[in-house]
Amino acid sequence: DQQVKQNSPSLSVQEGRISILNCDYTNSMFDYFLWYKKYPAEGPTFLISISSIKDKNEDGRFTVFLNKSAKHLSLHIVPSQPGDSAVYFCAASHGGSQGNLIFGKGTKLSVKP
Amino acid sequence: EAQVTQNPRYLITVTGKKLTVTCSQNMNHEYMSWYRQDPGLGLRQIYYSMNVEVTDKGDVPEGYKVSRKEKRNFPLILESPSPNQTSLYFCASSPTPFGRQYFGPGTRLTVT
């Protein structure tokens with residue numbers, strides 16, 4: 001049973017436009033969410049996180065929105081740049097099982113010049 | 001430079017031959033974790049450790065062992081590797097489980 005779902009395997013966006021990556025989760029106990037970016041042949045790098053007590057967190061061009069009632073979060077990248085082309089992973093954890101981080105399968109973002 | 005190192009980066013081995021993938025971090029992080037990445041399956045957690053001598057199973061622990069005898073090192077042990085353990089493995093560390101994790105460069109393992 002997949003607890004964290006990224007239903008879009010890939011996304012293509014024009015440079016300068018907004019990229020929206022989506023993530024759904026099924027476990028209502030999740031209370032902390034993270035986004036990671038991964039380039040080929042490298043380890044994932046942390047992008048941004050959000051606690052369940054918030055519904056939005058912003059860091060530069062990256063904003064994460066959390067809709068707890070819908071069990072949905074999204075990552076917005078504005079404006080998108082070619083260097084943003086990578087695989088993006090959504091991850092979730094909950095305090096009752098500290099340390100157990102559940103990742104989605106990833107979405108490959110391509111930003112075209 | 002703050003980093004997580006893994007060795008070896010690439011390994012081809014045969015079924016049943018015990019191997020160890022080392023992981024070391026120089027950031028004094030308490031939390032460390034191992035993941036495997038497979039096509040179409042994303043990242044799946046194998047084991048994690050909240051601190052020295054404290055380890056726990058992740059989602060896919062079968063066929064793996066870990067130890068945490070000192071804070072900086074968290075080796076992954078495959079006692080009897082099988083072809084279904086062919087994968088890309090990542091080690092990660094962070095100050096807490098909820099903080100940003102720093103990932104190593106990955107170890108590509110092939111078991112024939």
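Scanning region A:12-40 for residues that are closer than 13 Å to A:Leu73 by Cα and assigned to a strand (DSSP E or B) yields A:Ile20, A:Leu21, A:Asn22, A:Cys23, A:Asp24, A:Tyr25, A:Tyr32, A:Phe33, A:Leu34, A:Trp35. The number of residues in region A:81-103 that are modelled with pLDDT of 95 or more and either more than 13 Å from chain B (Cβ to nearest Cβ) or not in a strand (DSSP E or B) (or both) comes to 6. Checked against (1) within 11 Å of chain B (Cβ to nearest Cβ); (2) acidic (Asp, Glu); (3) without any contact (Cβ under 8 Å) to a residue 40 or more places away in the chain, A:Asp31 meets all criteria but (3). Within region B:62-104, the residues that satisfy the criterion of being at pLDDT 95 or above, within 14 Å of another protein chain (Cβ to nearest Cβ) and assigned to a loop (DSSP other than H, G, I, E, B) are B:Arg68, B:Phe74, B:Gly104.
Checked against the criterion of being among the aliphatic types (A, V, I, L, M) and in a loop (DSSP other than H, G, I, E, B), the candidates B:Met50, B:Met27 yield just one match: B:Met27. Taking the criterion of being away from chain A (no Cβ under 12 Å) and charged (D, E, K, R), the residues of region B:10-43 that qualify are B:Lys17, B:Lys18.
Considering region A:60-80, and only residues there that are outside any strand (DSSP E or B) and out of contact with any Pro (no Cβ under 9 Å at 6 or more places or on another chain), the residue that is nearest to the other protein chains (Cβ to nearest Cβ) turns out to be A:Gly60. Using the structure shown, decide if B:Asp59 is of a type in the set (Asp, Glu) and at the interface with chain A (Cβ under 8 Å from one of its Cβ atoms). Against the criterion (of a type in the set (Asp, Glu) and at the interface with chain A (Cβ under 8 Å from one of its Cβ atoms)), B:Asp59 qualifies.
The values are calculated or read from the model by the stated rules, or taken from the named source; none is laboratory data. Since we're looking at a predicted model, the values are computed, not measured. Backbone-built Cβ (ideal geometry, glycine too); neighbour counts: all protein chains shown.
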